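Here is the structure we will look at.
The values are calculated or read from the model by the stated rules, or taken from the named source; none is laboratory data. Computed from a predicted structure; not experimentally measured. Cβ atoms come from the backbone with ideal geometry, glycine included; neighbour counts cover every protein chain shown.
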Ligand code: NOJ
């Protein structure tokens, strides 16, 4: 694939025209029957993604790992864990993706390593070890406790005492995931080499884990406490008991990303940060320098209640705050799947598709999480099959991430085409034949067919003259109908609970409507199969339904 190496100011770049697709590798496709997804399995299934119409795949960590956090604890940043295959398998996947016109984004984890990484093994040998300062060590507080009051994202204190050397080390996640010391220039040098290693293998970009946490307050000051911690708090309650003034969103991180921008720019590669911050001002912090990460994920759509006000705010706030570079997503391997959160059933599917339709018109890059295109809700994982370490950490039940990580369902039959093993690493969790790609592909009104039509419409819209560079103009909200104009198109979503009229303002041609099948006529215009002819306003949108109309 030819690489784009330059862009003009204000010109949309390849990622601004792309739709991404997140692959949780363990659960995507298993080629060798061990019950865990792998690179060779992914390569075999890339045709599905090209057929679906996505442009870029993001692959979650596959590096050698003790798997304390299923690969987000890395013991070698420049190799492949045998569970997922070999470096040659990764190369073959990249090559096949490029043949199909798909770009490849790898997940990098620069905030922390595994405690089994050679760097940490050396660092914990003695206080004088040359690698000691590659991690963050401090003496105990005067009472012998942790050096400050920081807690981990997974619950519990962010410090673990090391008996041998008599100091604590810092970890924003599990004790098995010690944080790297980005204040030490040696870390920056080491990471330049890691990034270059993958660029040289043809990778088109990186999803950066824990973008918000890499730089810490130089003095590691305690965070302001909002309320005292007590037993029985889950990990979210613990985290929200502090104002996170000193542990995350520090200005020094911008220097790291500026340096990486210079590193990847000659290859035209893409940097998208995890940016797990839920307010638009913090997203602004990472994205407005414009010479650092190119984009950042916006996670708030994973935390809203479905209401016209909240849906509008979650679409509008980041656009107003940062303009572009927004990674739009509604499900992931860390959060419950969207259709379930939005009410479940056909309504939940329609709302998820409707929200994604709006993502498709806003500046930035919409990302599907594998299985979103099938309208999947979380799989049901029995307590005795729970695997996610966060399920066990705080002792509070039902807080794990297993439900959104159950394996993909490709076709009917034992193992659902995911694996020859009928009972893989996580159970399928109640899936039926109707949840499979093979069955849904034959039904024009299945979630899969509708999502495919949406992605096809998005591609034509984004390629329409002037669209990608055009600004978003929000239209006044009418009842539950949220809408905006961008270029020659109007996007609208009914975020209410009942059907409502949408008035595009002028006769227009629908290019996508979530409850209808369109057919392209000889004149190149798409028309609904059920109602031939251009549509005159008003158009009725069902609850959760969205539409894209061409209205020059
Ligand atoms: C964010 C990842 O998405 C999550 O799965 C992981 O547990 C943490 N970062 C720690 O790496």
Matching residues in the range 157-171 - criterion: being within 25 Å of the chain's Cα centre (by Cα) and either within 17 Å of residue 75 (Cα to Cα) or away from the ligand (no atom under 13 Å from the Cβ) (or both):
171
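Scan the helices (runs of 4 or more DSSP H) fully inside the range 383-489 and keep the ones with 1 or more residues being without any contact (Cβ under 8 Å) to a residue 40 or more places away in the chain and closer than 20 Å to residue 335 by Cβ.
Numbers: elements: 390-393, 437-440, 447-463.
Those helices (runs of 4 or more DSSP H) span 390-393.
Kindly provide the set of residues from the range 137-156 that are more than 16 Å from the ligand (Cβ to nearest atom) and under 16 Å from residue 246 (Cβ atoms), ordered by number.
So the first thing to find is which residues in the range 137-156 are more than 16 Å from the ligand (Cβ to nearest atom), and the list is 137-149.
Those that are more than 16 Å from the ligand (Cβ to nearest atom) and under 16 Å from residue 246 (Cβ atoms): 138, 141, 146, 147, 148, 149.
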Mind listing whichever residues of the range 325-341 are more than 20 Å from residue 236 (Cβ to Cβ) and either touching a helix residue (DSSP H, G or I) at 6+ places or on another chain (Cβ under 7 Å) or surrounded by fewer than 18 Cβ atoms within 10 Å (Cβ to Cβ) (or both)?
325, 326, 328, 339
Could you list, in sequence order, the residues of the range 167-189 that are out of contact with any helix residue (DSSP H, G or I) (no Cβ under 8 Å at 6 or more places or on another chain) and under 18 Å from residue 258 (Cβ atoms)?
185, 189
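Among the residues that make up the range 218-231, is at least one of them within 16 Å of the ligand (Cβ to nearest atom), touching a residue at least 24 places away in the same chain (Cβ under 8 Å), buried (at least 18 other Cβ atoms within 10 Å of the Cβ) and at negative phi?
Taking the range 218-231 and keeping what is within 16 Å of the ligand (Cβ to nearest atom), we get none.
Looking for residues that are within 16 Å of the ligand (Cβ to nearest atom), touching a residue at least 24 places away in the same chain (Cβ under 8 Å), buried (at least 18 other Cβ atoms within 10 Å of the Cβ) and at negative phi, one finds none in the range 218-231, hence no.
Give 268, 273 a once-over and let me know the one that is within 16 Å of the ligand (Cβ to nearest atom), touching a helix residue (DSSP H, G or I) at 6+ places or on another chain (Cβ under 8 Å) and at pLDDT 95 or above.
273
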What number of residues in the range 455-464 are at pLDDT 95 or above and farther than 22 Å from residue 325 by Cβ?
0
Number of the condition not met by residue 373 [criteria: (1) part of a helix (DSSP H, G or I); (2) at pLDDT below 95; (3) in contact with a helix residue (DSSP H, G or I) (Cβ under 6 Å, 6 or more places away or on another chain)]
(2)
Looking at the range 281-294 only, could you name the residues that are over 18 Å from residue 215 (Cα atoms) and within 17 Å of the chain's Cα centre (by Cα)?
294
Of all residues in the range 172-201 being out of contact with any strand residue (DSSP E or B) (no Cβ under 7 Å at 6 or more places or on another chain) and in a loop (DSSP other than H, G, I, E, B), the one that is farthest from the ligand (Cβ to nearest atom):
201
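Taking residue 379 as the residue in question, decide whether it is buried (at least 17 other Cβ atoms within 10 Å of the Cβ) and under 26 Å from residue 446 (Cβ atoms). Walk me through how you get there before you give the answer.
On the way: buried (at least 17 other Cβ atoms within 10 Å of the Cβ): yes; under 26 Å from residue 446 (Cβ atoms): yes.
So residue 379 fits the description; yes.
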Any residue at all in the range 348-365 that's surrounded by fewer than 24 Cβ atoms within 10 Å (Cβ to Cβ), more than 17 Å from the chain's Cα centre (by Cα) and assigned to a loop (DSSP other than H, G, I, E, B)?
no
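Those residues that are assigned to a strand (DSSP E or B) and closer than 16 Å to residue 213 by Cα, I need them from the range 133-160; list them, please. Steps first, please.
Going residue by residue through the range 133-160, those that are assigned to a strand (DSSP E or B) are 135, 137-138, 151, 157, 159-160.
Once the filter is applied, which keeps residues that are assigned to a strand (DSSP E or B) and closer than 16 Å to residue 213 by Cα, the range 133-160 yields 135, 151, 157, 159.
What number of residues in the range 307-324 are without any contact (Cβ under 8 Å) to a residue 24 or more places away in the chain and either crowded, with 20+ Cβ neighbours inside 10 Å or part of a loop (DSSP other than H, G, I, E, B) (or both)?
Initial filter on the range 307-324 (without any contact (Cβ under 8 Å) to a residue 24 or more places away in the chain): 309-310, 313-314.
Then keep just the ones that are either crowded, with 20+ Cβ neighbours inside 10 Å or part of a loop (DSSP other than H, G, I, E, B) (or both); that gives 314.
The total comes to 1.
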Selection from the range 395-447 of residues that are surrounded by 22 or more Cβ atoms within 10 Å (Cβ to Cβ) and over 21 Å from residue 25 (Cβ atoms)
440, 447
I'd like to check something: does the range 245-265 contain any residue that is more than 16 Å from the ligand (Cβ to nearest atom), touching a strand residue (DSSP E or B) at 6+ places or on another chain (Cβ under 9 Å) and outside any helix (DSSP H, G or I)?
no
Restricting the first residue to the range 108-119 and requiring it to be in contact (Cβ under 8 Å) with a residue 60 or more places away in the chain, which pairs with a second residue that is within 11 Å of the ligand (Cβ to nearest atom) and in a helix (DSSP H, G or I) meet a Cβ separation below 6 Å and a spacing of at least six or different chains?
111/213
